[in-house]
1. Note the angle between two axes, namely the Cα long axis of helix B:288-298 and the longest principal axis of the Cα atoms of chain B, as a number of degrees from 0 to 90, rounded to the nearest 10.
2. How compact and how long is region C:386-436, expressed as Rg and Dmax of its alpha-carbon atoms in Å?
3. Does region A:234-300 come out rounded, prolate or oblate, given a ≥ b ≥ c as the square roots of the eigenvalues of its C-alpha gyration tensor, rounded meaning a/c under 1.5 and, failing that, prolate meaning a/b above b/c?
4. By DSSP, what percent of the beta bridges with both residues in chain B are antiparallel, rounded to the nearest 5?
5. Averaged over every viewing direction, what's the projected area of the C-alpha convex hull for region A:138-236? Give it in nm², one decimal, please.
6. Would you list which lysines come within 29 Å of residue A:33, measuring only between C-alpha atoms, while excluding same-chain residues fewer than 8 positions from it?
7. Which three lengths, in whole Å and largest first, does region B:159-244 cover when its Cα atoms are put on their principal axes?
8. Separation of region A:262-327 and region A:115-143 by C-alpha centroid, Å?
Amino acid sequence: MTQMNLVSAINDALKVAMRADDRVIVLGEDVGKVGGVFRVTQGLHEEFGEDRVIDTPLSEGGIIGAAIGMALYGLLPVPEIQFADFIFPGYDQIVSELAKLRYRSGGEYPAKMVIRTPVGGGIRGGLYHSQSPESLFIHVAGLKVVCPSNPYDAKGLLLASLRDPDPVLFFEPKRVYRAAKGDVPEGDYVVPLSKAKIVREATGRRAVTVVAWGAMLYEALAAADEAERQGVSCEVIDLRTLWPIDLDTVVESVKRTGRLVVVHEAPKTCGFGAEIVALVNEKAFLHLEAPPCRVTGYDTPFPYTLEMDYLPLAHRILPAVVATANY
Amino acid sequence: MQDGTPATSETTASAGGVPSATPLERVLSPEGEVLDGGPVDVATAVGLFRHLVTARLLDLRFIALQRSGDIPFYASSLGEEGATSAPPFALDLGDAYFPGPRSALGSLVRGVSLSELVHQVFGTARSATRGRGLPHHVSSRENGVVSVGGVPGASLTHASGWGWAARMRGDRRACLAVVCGAAFASGGFHNALNFAGVGRANVVFACVVDGETLSSQTGSETVAEKGQAYGVPARRVDGRDALAVHAAIARALVSARDGGGPTLVEIVSPRAKPAEDGSIALPADDCPVLLLERCLARAGVDAAAVRAPLEAELDEAFRLAVAEARSSAAPGRASLFEDVYAEVPRHLLSQRDAAV
Amino acid sequence: MARWEFKLPDIGEGVTEGEIVAWLCKPGDVLSEDAPMVEVMTDKATVTITSPRAGLVVETHGAVGAIVAVHSVLVVFELDVAAGAPSPSPAPSHAAPSHAAPDPGPAATAVGDIRESLPGMGRPALPPAQPAASGYFNERPLATPATRKLARDRGVNLSEVPPTGPQGRVTKADVEAFAVRAAAPPENAIETARPAAPAAAPPSGAPAAAHAPAARELVKIPSLSDGSAALEERVPFAGMRRKISARMAQSKHTAAHFTFVEECDAGALRALRERMKAQAASAGVKLSFLPFFVKAVVAALKKHPILNSALDESTNELVYRKVYNIGIAASTDAGLIVPVVKHADRKSLLEIARDIERLAGDAKAGKSKAEDLSGSTFTITSLGAQGGLFATPIINFPEVGILGIHQMKEKPVVRDGQIVIGQVMLLSLSFDHRIVDGHVGAAFAYDIIGYLENPDRLFLEMT
């Protein structure tokens, strides 16, 4: 066990994978000599060389497109998109090519890769360094979406993502890149995909299920602490893999509590929270004591100055939890 | 001609008639003479001739099927058989072929059977693509024909990545990407050439253009000159001359295998397009099939003796393939949910169970 | 004098150190806010760092060319020096999270501000996922939101409503029915106290069966005593009385009682009995009217077998009895008992009279045998002199009917256009409407009346 933060845990996962399997290559803007804009790929270039840690031209369409070709060749590319906000020039390649290759070729040409990219706000990054575009990828059939909240999960989920046969978008909550710290085992291990984790169990009869992921998990936990003081118990679920979702864990929890609050940074409308609420309505309708509730970013572009007003922080989660409990 | 180096002629096909900086390469004169006076490689010429005849005949048959409503659409390469069939003819086993939307028939050159092609066009359960791709998007892993999508230029970048990977691995295999229609105007073309240039990728881009498309899609006189800006060597060949196309692609592939990086080959080729009344005038003087026929005649090969039995054989094979495809089952409804992911995930299982 | 240390910020994301290129201030300088202080080169860029605060430079650390680590002290200030108006430290241009103190971590970088620590993140590593605790698995009933709304509007505690819907779901109808039941006036007039029903939750883990109608709130009778004198006496409610209580409640709660009352001209019966009395007496039997009633009932039961039936709820079968055991309700000091005349159909009037005599004697003496008190298929209750005008007898459950006989009285009756003195007797019959329809019960009653008004028919049909 070594104390790590999110950055070092992901870096460690990449090293473990690249040492074990020479098909694993990393490519992206400044991922090589510089070690990535957030230093997540630091040291890889030195250890594995420029043929496995590739500084690419500045073009996300090119990065994803070339990574698809490398995957078709037989490599296991891990492209880094510097910020999820920059992924859109590569979105066409992800949606029209990567997600559909296996299907349109009748299973003959799967293109396996793990696209790593930092997501989320709260870093004074403004509207082009702060977005959370998960629902835009969850909506596309053929993609899996992962978002760890802590170093242990980050390493284990990345190693699991690399083993998974399907393309994975690995969203890294950059607000907690360094603040999320914890013990991480050495070497290889996996945290299985599509398994959520109950990180705080409800204890009282008047309880609310709170679903969150990434950086907002910590806000949900902070809100849960305060809610407990106010007599409302929270069952906090870290989704970890957003898609395919671990619906059982969410639904079983809602059946226990009868109440659901979903927290995410992305805008509310057509956000992933909408899908979670719909699924819970379908699966746990008769158990609901209150309307499922979403605490999310607003339906605006991500702001610069007012980012702390935009984000669904604990002080916005708490009243939603209490209101849901007392509905 | 033995070294595969085509001669060049001074004619150009550029729109304004202004001579281009990059000369248009030809091996044969319009009369079918080898321009540099050397002997013709008869085996190559006969092989190419058979593929050109095949492409010509099948294009007409598929167009007929589309007009009869049997298939919803079909992108033909009528008239540009040289540009369609000659490039993949230069590939080796193990190379990857990224076809363009108009080069479905090029897949036959790679070994895809006529039956498989027709099944894919009809989208039957027996097709490798399981009735999912567009009719003319042929994909066959067995034959190294890579699945392409509907976004112009997207697959060009894949070819760059494939070729980059091969170069990194010291692999002498190379790949060929067909740039069809106006894909050279897409962002994917830029990404592909830029990445290939940076990565010294084992890739050859075969860019099929006609004068009309060229003038409407770019301000430059040629596509080839764009290669210079990416540090990618470029050549221009006359698409009517299948031997010239083949030679240029073959040489570019050799260069790629030897670590020479990517090449852009602009293939200037007129395409037979339907007139307003729907009729299609086949090329006459410009016809790549006839040119090769003349060349073979000069080499003492009876082209008609090759062509007639081949056409009869193709007619029969096509008739059988279409009959078989028509009577084949559509893919089962459950297959709708397969191959989205490697394993059908739970949410799709429940949708499948509801649908089946 | 406030001393303040300026530390080398993380000027490029991930940068760990920087080289001092040039000092733009020296100890003794008074710097205004935003004044250039030092040039630092990192592997990303060379940047000029300005003073975030106004103050007197006391110390500078690191010579030009020195490599300094991020977060090491570069400049030491004294802030509230007299020189110039020492401005208070400016508020951060970006509001800190409203629930958190400003983070003293590294300053902003070119691509945002990745903190080493964030509020609320000092918590220990998250514990491994535990299997969900079942202790708080709630017993809340299944219901649609619309039903929940209805329950709330009607003040009904959903968990008390027995569910009848699919998958054990409480339906709207269940809520309505429960609300109606709850609103019905108490059957017991002395029921004066009842806990605030909607607020009361059943004890945790109470079995579902507890929600059945029988499990109504227990009636509580508050003591009227003011503490000085006994204004009431409490005696145990037990034994026979408690048994009767349970039987009566069971009958009344289960059978759908309806009562039918009709009068009967018993003149002929009375005359017949007068004629037979002496003969009976010579046989050692005191002939009352009861044996005639028993015979009339048996004859009517034979015509209406459903009145001699019982409902087996466990199998949903109606049980038609082929034996005619007639219970005769009797009041004793210990309470109400029902001795049974077995096989009344096979017995003569005298035999029945003897049976009744014996049973009554045993009952009075408190020595009824168990076998004499069970097995009845229909019951007659003799209401006697204090039977009132009419009554609503309670069925001897699970029988489906009961006949109550009132005292014979001389009353004016019209016969053949003449008002004459008649021997009039009222019959009060109750039936279980679940099984016996009104016209069936009435036909049965009129058949009994027919036999009693023309007792000769009894002998015609006697087996």
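1. 50 degrees
2. 14.8, 45
3. Note, shape of region A:234-300 comes out prolate.
4. Numbers: 4 of 26 bridges.
Here the share of antiparallel DSSP bridges comes out near 15 percent.
5. Working: hull surface 30.3 nm².
Approximately 7.6 nm², given one-decimal rounding.
6. A:15, A:112, A:155, A:174, A:181, C:7, C:44
7. 40, 30, 19
8. So the two Cα centres are separated by 17 Å.
A short reminder: the numbers here are calculations on the coordinates, not readings from a lab. A quick note: this is a predicted structure, and the numbers were derived from the prediction, not measured. Cβ sites come from the backbone with ideal geometry, for glycine too, and all protein chains shown count toward neighbours.
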